[in-house]
Amino acid sequence: MQKIGYLIILIAIALIVYLKYPRKITKTIKQEIGNTVFSLEVADNLYLHGKGLSGRKELCSECGMIFVFPFESFQSFWMKDTLIPLDIIFIDKNGNITDIYTALPEPYKSDLELSFYQSTKAVKYVIELNSGQANKLNLKKGDNIKIDLNFYAT
């Protein structure tokens, strides 16, 4: 029952934000992760947080998205309307990886049946990459990703 309550609140917030802040992603940054430089689209507001990579049919091998939150907090992601498998990497304010998940599309599940991917600690950033990239880069909990804060003043 608690999951349904969270879901209703999440849907209501997403709808309000979608109607109030409908803008496309315009910012991208270059971010080194492991030995690879990725081009990450910046999701830095509620609308972009809700939209994420949903609806995309493909993502280039060195592309992804970075979600920037105004302060550290526990975060929860799902794969609503996401068509490609993703690695979801939760990162605290110091750049330390707290959690890594591989998330698969769930096209035939209702919103109430979708899996949730949650941080186990408060985080400031979440990076989504193509599924398998975290393993390919040998990323693990506790590893540090030096997020360049110059791209975004909070």
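Overview of values
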quantity: Net charge over other residues, Cβ less than 10 angstrom from the Cβ of V68 (K, R count +1; D, E count -1); calculated: +1
quantity: Net charge, N138 excluded, C-beta distance under 15 Å - Lys, Arg +1, Asp, Glu -1; calculated: 0
quantity: Local net charge near I29, Cβ-Cβ under 9 Å (Lys/Arg +1, Asp/Glu -1); calculated: 0
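Computed from the coordinates by the stated procedures, all read-outs in this text should not be read as laboratory data. Not measured: the values here are computed from a predicted model. So basically every Cβ, Gly included, is an ideal-geometry build from the backbone, and we count neighbours across all protein chains shown.
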